[in-house]
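Undergrad: I'd like to ask you about the structure that follows.
The values are calculated or read from the model by the stated rules, or taken from the named source; none is laboratory data. These numbers come from a predicted model, not from an experiment. Positions of Cβ are backbone-derived with ideal geometry, glycine not excepted, and every protein chain shown enters the neighbour counts. We work out accessible area using only protein heavy atoms, side chains counted, and drop any ligands, DNA or RNA first. Shrake-Rupley method; radii C 1.70, N 1.55, O 1.52, S 1.80 Å.
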Amino acid sequence: YEDKDWSENEKAYAAMISRMDAGIGKIFDLLQKLEIDDNTYVFFTSDNGAAKRWDNIDSCGPLRGLKRDVYEGGIRVPMLVRAPGKVPAGQVSDLPWYFPDVLPTLAEIASGKNPKNIDGVSVAPSLHGQSQDLSKRVMYWEFYEKDGSRAVRFGDWKAVQYGMNKKPKKIELYNLE
């Protein structure tokens, strides 16, 4: 990226993304070489949104917020799943799910038992191309940095509160539709 008219940080970030992409390609090659590609699920995501917005790289797109914010730009990230013959290639879903859903999803895929009294739900049906309605469930996020923040989502509605380590003064309510 030396030929780009970008800041040094943008060039470093772009190089890290390219290096990560090459590393993931090596993992896929190894799965094929070991002949376990058809029996392996690969999940790829991020725990939070982008750390920074630059002039030439905007990983959050039009979404408000950054990493460790409870606005959509801080918590809405893509989840890519690859499982040849099990997850339809090229399938796109707008079903919202988050990290508490990982354990029950992996448990279902592995035919294991799901722990009781957890917040997450299995999204394995959606991964396998089946319809799944999760519109009646509640999702919750909480961060303690920057005076604390939390958010709750129910369907298209989302409430956000900042300053929870102090005396919170307001709750913001959004319709994400």
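Undergrad: Which residue pairs have Cβ atoms under 6 Å apart, sit 6 or more places apart or on different chains, and have a first residue in region 119-147 that is among the β-branched types (Val, Ile, Thr) and a second that is assigned to a helix (DSSP H, G or I)?
TA: Taking only residues 6 or more apart or on different chains, the pairs are VAL121/ASP101; VAL121/PRO104; VAL123/ASP101; VAL123/THR105.
Undergrad: Check region 28-42 and report whether any residue there is in a loop (DSSP other than H, G, I, E, B), closer than 26 Å to ASP156 by Cα and either aromatic (Phe, Trp, Tyr) or open to solvent by less than 40 Å² (accessible area, probe 1.4 Å) (or both).
TA: no
Undergrad: Tell me which residues, restricted to region 152-177, are open to solvent by less than 60 Å² (accessible area, probe 1.4 Å) and in contact with a Phe, Trp or Tyr (Cβ under 7 Å, 6 or more places away or on another chain).
TA: VAL152, LYS158, VAL160
Undergrad: Shifting gears a bit: In region 8-24, is there at least one residue being open to solvent by 90 Å² or more (accessible area, probe 1.4 Å), touching a Lys or Arg at 6+ places or on another chain (Cβ under 8 Å) and not in a strand (DSSP E or B)?
TA: Yes.
Undergrad: Taking interchain pairs and intrachain pairs at least six residues apart, which have beta carbon atoms under 8 angstrom, with the first residue in region 155-177 and under 16 Å from ARG76 (Cβ atoms) and the second open to solvent by 100 Å² or more (accessible area, probe 1.4 Å) and assigned to a loop (DSSP other than H, G, I, E, B)?
TA: As it stands, the answer is GLY155/LYS136; ASP156/GLU177; ALA159/ILE171; VAL160/ILE171, since those pairs meet every condition given.
Undergrad: Being of a type in the set (S, T, N, Q), within 20 Å of the chain's Cα centre (by Cα) and either at pLDDT below 90 or open to solvent by less than 70 Å² (accessible area, probe 1.4 Å) (or both) narrows it down to one of ASN56, ASN48, so name that one.
TA: One residue alone meets the criteria, ASN48.
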